[in-house]
Amino acid sequence: MNFTEWGTLIPFGLVALGLFLIPGGVIALAGRVRGFAVIGLASPLSVATVGMAAIIGGALGIPWGVWPILGMTAIFAGLAFVISRLTARWRPLSADSVADAAQAPAQKRSRDGFWWLGLAGAALLMTRLFGQIIDRPEAFSQTYDNIFHLNAVRWILDHGDASSLTINQMTSGGHFAAFYPAAWHDLVSAVELILNDATITYASNAVMWLVMAVVWPAGCLWLAKTLVPKASPAVALGAAALAVAFPSFPVLLLGFGVLYPNFLGLSLLPAVICLTILTLRLTNSAGSARLRPVSAATGLSEVSDWKTDQTSPQVGLPLSLFVLVLSLGGMALAHPNTILSYVAVMVPLGLLWAGRGIQRARAAGQRRQVGLWVALIVGALAVAAVIWLVLRPPREAAGWPTVQSSDASIGEFLLASPLLVRPVWIIGILLVIGLFAGRSHILFGGLLGALVVVAGLWLAEASLSHPGLRFWIVGGYYNDPYRVAGILPVALYPFTVLGLAAVVRFARDWWQQRSWAAGHQTIVNTTLALVTVVVLVVTTQLTPSMTGTVRWVANHYQLTPESSLVDSDEYQLLEELPAIVPSGVRVATDPWNGSSMAYALEGVLTTTTHVAYTPSDDEKVLEQYLDEVSRYPDLVCPALDNLNVGYVLDFGRQEIFAGADTPMPGLEELAGAAGFTEVARSGEAVLYKIEACD
């Protein structure tokens, strides 16, 4: 995009940024959360607030817009304020380190400043990738699921109802509408309403941009800051570069589906994992038996502060639980299978937490407490199993085949290169170093368990030949390799950060042993930080793995004569529709050939809004007999009147899935059919006016 095009998108981006940061930030600050934790918590809390505002506002009949969001923010912030005050006696569990609080204010600000600088750098790198994917502000994904996503935003704007409980009414044909996670659509529509602009593609792209540039990096960096609380500038800035280093997320997921809800939910996962770690006080070594001291030889002396409870949250346990529940709700409203990913990562970490409790109980001779801990473990595992079995689609909806051999899938996992993405060698190297050097880290066992579980998910998804077992393991992800591939960075990232910390420590120690470096600590640290950032940026952003993935994704946002959903001729005709079709008059469309995008892109009412829909009886008549309206006027004309259909779009038989058998005979032979008059054409795309019933 050129400067002018960026200028048109920036207002949408600023509003999206406010939606991601302001509601959650206000809630966190009201609960006396301070420091970098505020930016880490802001997005999960904001998504929860916006999603709940849509549900409750819809139930109360309040039109969707900024006021329900402000009202829900005030309610949650008030609850956070009250909880934090009433439970002040609880031992604080802090998101920033107690040691940092004891430092001189200037020293603490300096240390935190590098994390903020890293976030800014990660945002710039992600913005660069976003600009390479989106060649113009109005670009849209030419994929199957985007038919629903963009039309759903338009439906929200038209109906004033953004609730996850009702949004499926758009495609239910007047029947029962099942729950659909609508947080993404809530955010996009809120941007539209705040700016009073109906250009849905601008708002959708702005939300996508901010998720890439702010939401995901902020969560990753908060997690990294928790893992290495007294990191050097090189580690803090390097952790930011690593957050942007994985082609499989967030970039790859934007080229398939397009899976915007999964994309949003997974972007929240690192922050929610970090919040859970702090809530459970997993960073508190008090009572943790047999923790080996961290030696300089491991390269992890930077994280030795974990042995002295350096990351206790500055807020009490009740508030931590409150914001955790809200954040989990936000992830569920983004997409429920993000909860599966959370369970996969947190079960090993939860077992680590329970294991410490059992150790403390045994050391104190409290047999009854040991029994309670065991019962808790059994109960938690049972709940996790129920969640795993319940949050899944019908088996017939999970039809994706395996994509690799087992040996190849292991290599893909270790080198962060699923689905034929080229290997990211620096990730693999840092992973191995992190696995070795991080052995004495207080969270090593839990993080290693999470790594193994996620690796098992990918192995099952990519190569497991037994269909029943494969569905039991990854059915919640529709057996879809792209959805599972998106989880890999969540498990790999912590170890790459630990590996980076080890390398930086080794390099710094080596440098400080040189006689010419004596007395030049600032120069050493600055040089090391610059070298770290340059090496990581070059070995991740400028490699075939990232550039190839970005190029593949960008192809799905191109508008060309060969585009799979709406080609350039069809797009030109869609732009003419508002001047031709009277307001309120509906156009008959075939969702498989992209014509139903007239509703999303131009606000023209259509008979279909997605491929997967339940047609009404009148719609069924048009699908079968519209082209024969002159032959069956008594059957077709009442259906046209009931639906207020006056026009029909003919985009030919090029469908979103090449070769798909989706017959709609009533819309397939319109050229030359009696009762139809061509009123507009662009290439092979034609708009007919239906005059047979006049």
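The values are calculated or read from the model by the stated rules, or taken from the named source; none is laboratory data. Owing to the predicted nature of the structure, the values given are computational and were not obtained by experimental measurement. No Cβ is skipped: glycine too gets one built from the backbone with ideal geometry, and neighbour counts run over all protein chains shown. Heads up: the accessible areas ignore ligands, DNA and RNA and are worked out on the full protein's heavy atoms, side chains in. Shrake-Rupley method; radii C 1.70, N 1.55, O 1.52, S 1.80 Å.
Any chance region 615-629 includes a residue that's of a type in the set (Phe, Trp, Tyr), more than 27 Å from Glu562 (Cβ to Cβ) and either surrounded by 14 or more Cβ atoms within 10 Å (Cβ to Cβ) or touching a residue at least 12 places away in the same chain (Cβ under 8 Å) (or both)? Yes, because at least one residue in region 615-629 is of a type in the set (Phe, Trp, Tyr), more than 27 Å from Glu562 (Cβ to Cβ) and either surrounded by 14 or more Cβ atoms within 10 Å (Cβ to Cβ) or touching a residue at least 12 places away in the same chain (Cβ under 8 Å) (or both).
Being modelled with pLDDT under 90, within 20 Å of Glu575 (Cβ to Cβ) and crowded, with 16+ Cβ neighbours inside 10 Å holds for only one residue in Gly652, Gly646, and it is Gly652.
The helices (runs of 4 or more DSSP H) falling completely within region 146-241 that include 2 or more residues that are without any contact (Cβ under 8 Å) to a residue 60 or more places away in the chain map to 183-195. Taken together, the residues in region 421-433 that are open to solvent by 30 Å² or more (accessible area, probe 1.4 Å) and assigned to a loop (DSSP other than H, G, I, E, B) amount to 2.
Among the residues of region 460-482, those identified as open to solvent by 40 Å² or more (accessible area, probe 1.4 Å) and under 24 Å from Val553 (Cα atoms) are Tyr478, Tyr482.
Listed here are the residues, each with its yes/no results for (1) under 17 Å from Glu412 (Cα atoms); (2) touching an Asp or Glu at 6+ places or on another chain (Cβ under 9 Å); (3) outside any loop (DSSP other than H, G, I, E, B).
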site	(1), (2), (3)
Tyr482	yes, no, yes
Thr496	yes, no, yes
Val524	no, no, yes
Thr527	no, no, yes
Leu530	no, no, yes
Val538	no, no, yes
Arg551	no, no, yes
Gln558	no, yes, no
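In region 401-420, what residues are part of a loop (DSSP other than H, G, I, E, B) and within 10 Å of Ala462 (Cα to Cα)? Passing the criteria: Pro401, Thr402, Val403, Gln404, Ser405, Pro418, Leu419.
Only residues that are closer than 22 Å to Val604 by Cα and among the aliphatic types (A, V, I, L, M) were counted in region 188-222, giving 9.
Residues of region 187-215 that are touching a Leu at 6+ places or on another chain (Cβ under 8 Å) and not hydrophobic (A, V, I, L, M, F, W, C): Ser189, Glu192, Thr201, Tyr202, Ser204, Asn205. Of the residues making up region 567-577, one or more are at negative phi, open to solvent by 10 Å² or more (accessible area, probe 1.4 Å), assigned to a loop (DSSP other than H, G, I, E, B) and in contact with a Pro (Cβ under 6 Å, 6 or more places away or on another chain).
Can you pull out every residue in region 488-515 that is aliphatic (A, V, I, L, M), out of contact with any Leu (no Cβ under 7 Å at 6 or more places or on another chain) and open to solvent by less than 10 Å² (accessible area, probe 1.4 Å)?
Of everything in region 488-515, just one residue is aliphatic (A, V, I, L, M), out of contact with any Leu (no Cβ under 7 Å at 6 or more places or on another chain) and open to solvent by less than 10 Å² (accessible area, probe 1.4 Å), namely Leu488.
Against the test of being surrounded by fewer than 20 Cβ atoms within 10 Å (Cβ to Cβ) and not hydrophobic (A, V, I, L, M, F, W, C), the options Gly371, Gly438, Gly446 yield a single qualifying residue, Gly371. Quick one: how many residues across region 20-35 are under 20 Å from Leu119 (Cβ atoms) and either surrounded by fewer than 23 Cβ atoms within 10 Å (Cβ to Cβ) or touching a Ser or Thr at 6+ places or on another chain (Cβ under 6 Å) (or both)? Selection size over region 20-35: 10. Residues in region 168-200 that are open to solvent by 60 Å² or more (accessible area, probe 1.4 Å) and not aliphatic (A, V, I, L, M): Gln169, Gly174, His175, Phe176, Phe179, Asn196.
Being open to solvent by less than 50 Å² (accessible area, probe 1.4 Å) and either part of a helix (DSSP H, G or I) or touching a helix residue (DSSP H, G or I) at 6+ places or on another chain (Cβ under 9 Å) (or both) is a description that does not apply to Ala380. The one condition from (1) part of a helix (DSSP H, G or I); (2) open to solvent by 20 Å² or more (accessible area, probe 1.4 Å) that Ser248 does not meet is (2). Across region 578-602, the qualifying residues are those that are at pLDDT below 95, in a helix (DSSP H, G or I) and in contact with a Ser or Thr (Cβ under 8 Å, 6 or more places away or on another chain), and the one among them that is most open to solvent (accessible area, probe 1.4 Å) is Trp592.
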